[in-house]
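What follows is a short report on a single structure.
The values are calculated or read from the model by the stated rules, or taken from the named source; none is laboratory data. Small disclaimer: the values here were computed from a predicted structure and weren't measured. Here the Cβ positions follow ideal geometry from the backbone for every residue, glycine too, while neighbour counts run over all protein chains shown.
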Amino acid sequence: MRLSRYFLPVLKETPAEAQIVSHRYMLRAGMIKQQAAGIYSWLPLGYKVLKRIEEIVHEEQIRAGHIPMLMPTLQPADLWRESGRYDAYGPEMLRFKDRHDREMLYGPTNEEMITDIFRTYVQSYKDLPLTLYHIQWKFRDEMRPRFGVMRGREFYMKDGYNFDLTKEDALHAYNRHLVSYLRTYERMGLQAIPMRADGGPIGGDYTHEFLVLAETGESEVFYDSAITELRFGNRDIDYDDVAQCQAILEEFTSRYARTDETHDETLFHQQVPEERRRRARGIEVGQIFYFGTKYSEPMGAMVVNDKGERVPVHMGSHGIGVSRLVGAIIEASHDDKGIIWPEGVTPFHCGIVNLKTGDAEADAACDAIHDSLVALGLDPLYDDRDERAGAKFATMDLIGLPWRITVGPRGLKNGVVELTCRRTGESQELPPEKAVERIAQIYGKALAEA
Ligand SMILES: Nc1ncnc2c1ncn2[C@@H]1O[C@H](COP(=O)(O)OP(=O)(O)OP(=O)(O)O)[C@@H](O)[C@H]1O
Ligand SMILES: [Mg+2]
């Protein structure tokens, strides 16, 4: 992509309404535009990151054996009357009537709808286990939408639902989700710590929230600092292996880590030596839940078991905040010049800065680098505008591409260009084809690991 032909409305001024760094940078880098409180357009650069995150979520869900589908954003109120949640949900639910006076709502989540789909088609235990998921826009009329896409009213979420014959099977589905989430967040360059969360009215121990530590996070968290040393890494996982998934759950959740809702000061002191006790803030980027027959019973989602009895299925639901993640990644990865994208989610693999647009040699070298990267299946952003070098560097730093190739007539005389790492600021001079090779290696390696 050539910047002169792209749509990247970068702002020079820091928007006054943005209180936290991710919101400021997303506005300044031309990633989003607010259309109403908590409702955003995703401009091309923001859209690319959102789609990249969505792709990773899909890949890891499919790897875990979960099945993608798509449900609508609009739902009939009657479904929610069946579960009793239509009245319980409160003002966060956006309700309206269609032209025939039918009561409708913009879905804040999909337990009822997926349960309806399940009961329509599945009658036998032989069709279990089953986990269906979708990635779809949700609407919650939040009291205080703020921090840009972190707490929107309209937001993009992956929500998955497991259907199992027994509680034991449903807990394996829970573990499978936990394992797949650990992998998902790490691929985005994030450490998201599973923390024991509040079971709410449903009760029980079976819910974890995944939190990214950040001062601007809305949740207060308490944890054993030893947890931050855990890495999922590039492990071979067999998602059907019950013992393996259980062992990973234990590895990642046996140490103390809780949100303020479930925090127990006495237990914290008993379980964690003083020097490892941490109290901090975190951003909730996902939550998993086992809730048994809460929806299957009232809504009649039953299967016939091997004894010929009709029993309600055991269910759970599992969410990832796809649009919130864009902000969370920036909170976790930036400096005073702008965003620093982890390679896994970057909107473009590398930037190319032409120091002297109009110089025949520099133009030709940039074109060649651009075309070779594209031929390798990579997606570079080439700043071919007739601008000062300083302005080009500032834009590249702000939009946070992890690698930059700088091309100028002086370097070309010596047969070299400059390759710069956004994160460390380190530069290295090398021949253009070597720079291309290096970028290919970086992403080739990343792709092979994925
Ligand atoms: N208003 C929102 N804007 C953006 N993302 C959200 C919003 N509400 C929830 N999410 C994301 O969707 C995920 C799954 O939704 P869930 O129902 O668990 O949200 P929640 O617990 O109500 O979130 P919160 O406590 O932040 O309001 C959350 O972990 C979060 O990452
Ligand atoms: Mg939650």
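So which residues in the range 318-351 are more than 24 Å from A391 (Cα to Cα) and more than 15 Å from ligand 1 (Cβ to nearest atom), if there are any at all?
Within the range 318-351, G344, V345 meet the criteria.
Look through I67, I56 and report the one residue that is away from ligand 1 (no atom under 16 Å from the Cβ) and among the β-branched types (V, I, T).
I67
Which one of D306, D264, D336, D260 is within 16 Å of ligand 2 (Cβ to nearest atom) and on the phi < 0 side of the Ramachandran plot?
D260
Okay, residues lined up against (1) touching an Asp or Glu at 6+ places or on another chain (Cβ under 7 Å); (2) of a type in the set (A, V, I, L, M):
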site	(1), (2)
S323	no, no
G338	yes, no
D359	no, no
A375	no, yes
K392	yes, no
P402	yes, no
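Could you count how many residues in the range 300-343 are in contact (Cβ under 8 Å) with a residue 24 or more places away in the chain and touching a strand residue (DSSP E or B) at 6+ places or on another chain (Cβ under 9 Å)?
Number of matching residues: 30.
Yes or no: the range 161-170 includes at least one residue that is within 16 Å of ligand 1 (Cβ to nearest atom) and either in a strand (DSSP E or B) or assigned by TED's automatic domain parsing to the domain that holds T293 (or both).
Looking for residues that are within 16 Å of ligand 1 (Cβ to nearest atom) and either in a strand (DSSP E or B) or assigned by TED's automatic domain parsing to the domain that holds T293 (or both), one finds at least one in the range 161-170, hence yes.
Can you list the helices (runs of 4 or more DSSP H) found entirely within the range 367-450 that contain at least 2 residues being in contact with a helix residue (DSSP H, G or I) (Cβ under 7 Å, 6 or more places away or on another chain) and over 18 Å from W341 (Cα atoms)?
409-413, 432-449
Report yes if M315 is more than 16 Å from ligand 1 (Cβ to nearest atom), among the aliphatic types (A, V, I, L, M) and more than 30 Å from G148 (Cα to Cα), otherwise no.
no
So if I check each of Y181, Y133, Y125, Y174, which one is over 22 Å from the mean Cα position of the chain (by Cα) and not acidic (D, E)?
Result of the check over Y181, Y133, Y125, Y174: Y125.
Which pairs turn up if I take residues in the range 7-26 that are within 12 Å of L398 (Cα to Cα) and look for partners that are assigned to a loop (DSSP other than H, G, I, E, B) and of a type in the set (S, T, N, Q) with beta carbon separation below 6 Å, at least 6 apart in sequence or on another chain?
Here the result reads R24/T14, each pair linking the range 7-26 to a residue that is assigned to a loop (DSSP other than H, G, I, E, B) and of a type in the set (S, T, N, Q).
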